[in-house]
Amino acid sequence: MAKPISGKKLFNGVRDKDCIVMAANTRYIPGAAEGILKAAKDTNTPVIMEIARSECDLKGGYTGYTPAEYAKRMVKAADKVGWDKWVLHADHISVTDGSPETIQGTKDLVAAQIDAGFTSYAIDASHIFNFEGKNEKEELEGNIKATIEIAEYITEKMEEGGIGSYGLEVEVGEVGRKDDKGFMLTTAKQATTFISELNKAGIKPDTLAIANGSTHGNIYDERGVKIEQVSIDIPRTKEIAQALRNMGSPVRVAQHGITGTPLHLIATQFPKGDVIKGNVGTFWQDIVFEVLKVYEIDLYDRIQEWVLKTYAGKGKSDEEIFGKNSKYAFKQFFREIHAMREETIAAIEAQAYASALMFYKAFGSKGKGGLI
Ligand SMILES: [Zn+2]
């Protein structure tokens, strides 16, 4: 079986090797995951397959997958392709507050993810932020406390299961958050304070997700027309990575929300090595819908009708309503989407394959499987 490897093993291999490993979140697996994994195998490229708490939880999230179901299908895809340099990552394990109920619910989810065989975890307590804090430590106190509690729980559960290592991502600064002046970016001082407080508690993350000007998902202008994302603050990102290096930390940046960023810009401007994990999510979902539009016209029409009706007003154009809310169709149409014709799945796979080759090249991770 092509079981996933430990995230720590992967990050230790690629750190400071001038590359970003793609973390693909396909939301829907058949065809999409196979294409990405096959392109990885054919080019000897390490890759991360991930899914977030909102998308996949004990109740099925908005994709309809539970952690066990998601892991089973993803391992099957990797097995079919025959690629084993991949990591199964639990993205955005969101901890929205520090209440005992939230912490317990998070532990229940994490326990299920460990049972399902996930090999890397992203604890995201970035929402817990004290805007009244007089310094970084005060601002981040709640985030630090919740992150430590969940990280200790993961370690304990892993040890119980006899699993020695796993990948760990933590988050400081909420991705995409804006105030009246624009994006609220993570500062270098916040990043170093956060990591050193975690280290003091014995928590050793591999990557740090920061708010650096990206937004999750597709973005649109004021008329509802889809636009490219060119807002990632590269100098700030480099500054944070350098501050982490200066404190002797092995932690590097995980870039969230890459969908919509021109590949040429990634290839030429992205600070590879400072950023070592690059999340690409909505992009893959958009490929699935583009293929459905041609190969499963009836199903696509029904999905579009449902999205536009259910999310009416949640966007300035039909294009924006669909682009921002079609992700919820995966659960609503779970049975139909998972019963697509073979030729449709083959087309999705081919499109995913071609796009994955472009990302691997732009990220500098193409052919770097030997590092793992
Ligand atoms: Zn994210």
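The values are calculated or read from the model by the stated rules, or taken from the named source; none is laboratory data. Just so it is clear, the structure is predicted and the values come from calculations on it, not from any experiment. Using ideal geometry, Cβ is built from the backbone for each residue, glycine included, and neighbour counts are taken over all protein chains shown.
Note on region 36-64: residues that are of a type outside the set (Phe, Trp, Tyr) and within 16 Å of the ligand (Cβ to nearest atom) amount to 12. Residues in region 311-348 that are touching a Pro at 6+ places or on another chain (Cβ under 8 Å) and part of a loop (DSSP other than H, G, I, E, B): His338, Met340. Every test in (1) under 17 Å from Ile240 (Cα atoms); (2) within 16 Å of the ligand (Cβ to nearest atom); (3) of a type in the set (D, E, K, R) is passed by Glu197 save one, and that test is (2).
For region 73-117, a residue qualifies if it is part of a loop (DSSP other than H, G, I, E, B) and either within 16 Å of the ligand (Cβ to nearest atom) or over 25 Å from Thr43 (Cα atoms) (or both), and the qualifying residues are Val95, Thr96, Asp97, Gly98, Ser99, Gly117. For the structure I just gave you, tell me whether Ile303 is closer than 30 Å to Val14 by Cβ, of a type outside the set (D, E, K, R), away from the ligand (no atom under 16 Å from the Cβ) and touching a helix residue (DSSP H, G or I) at 6+ places or on another chain (Cβ under 8 Å). So Ile303 fails the test.
Applying the criterion of being in contact with a Lys or Arg (Cβ under 8 Å, 6 or more places away or on another chain) and not polar (S, T, N, Q) to the residues of region 211-238, the residue that is nearest to Gly142 (Cα to Cα) is Ala211. Specify the residue that is surrounded by the most Cβ atoms within 10 Å (Cβ to Cβ); the eligible residues are those in region 234-256 that are of a type outside the set (A, V, I, L, M, F, W, C) and in contact with a helix residue (DSSP H, G or I) (Cβ under 9 Å, 6 or more places away or on another chain). Only one residue fits best here, namely Gln255.
Can you confirm whether Ala151 is surrounded by 23 or more Cβ atoms within 10 Å (Cβ to Cβ) and either touching a Leu at 6+ places or on another chain (Cβ under 7 Å) or closer than 25 Å to Ala211 by Cα (or both)? Here the answer is no, as Ala151 does not meet what is asked.
Assess whether Glu132 counts as being surrounded by fewer than 20 Cβ atoms within 10 Å (Cβ to Cβ), of a type in the set (Asp, Glu) and either part of a loop (DSSP other than H, G, I, E, B) or free of Cβ contacts under 8 Å to residues at least 24 places away in the same chain (or both). When the stated conditions are applied, Glu132 passes them.
Looking across region 232-290 at every residue that is on the phi > 0 side of the Ramachandran plot and free of Cβ contacts under 8 Å to residues at least 60 places away in the same chain, the one that is farthest from the ligand (Cβ to nearest atom) is identified as Gly248. Return the pair list, or none, for Cβ contacts closer than 6 Å from residues in region 161-185 that are in a strand (DSSP E or B) to residues that are more than 12 Å from the ligand (Cβ to nearest atom) and of a type in the set (Lys, Arg), at least 6 apart or on different chains. Every condition considered, the pairs that remain are Gly167/Lys8. Annotation: of all residues in region 189-210 being surrounded by fewer than 19 Cβ atoms within 10 Å (Cβ to Cβ) and among the polar types (S, T, N, Q), the one that is nearest to Lys137 (Cα to Cα) is Ser196.
On the basis of being under 30 Å from Arg252 (Cα atoms) and at pLDDT 95 or above, does Gly323 make the cut? So Gly323 does not fit the description; no.
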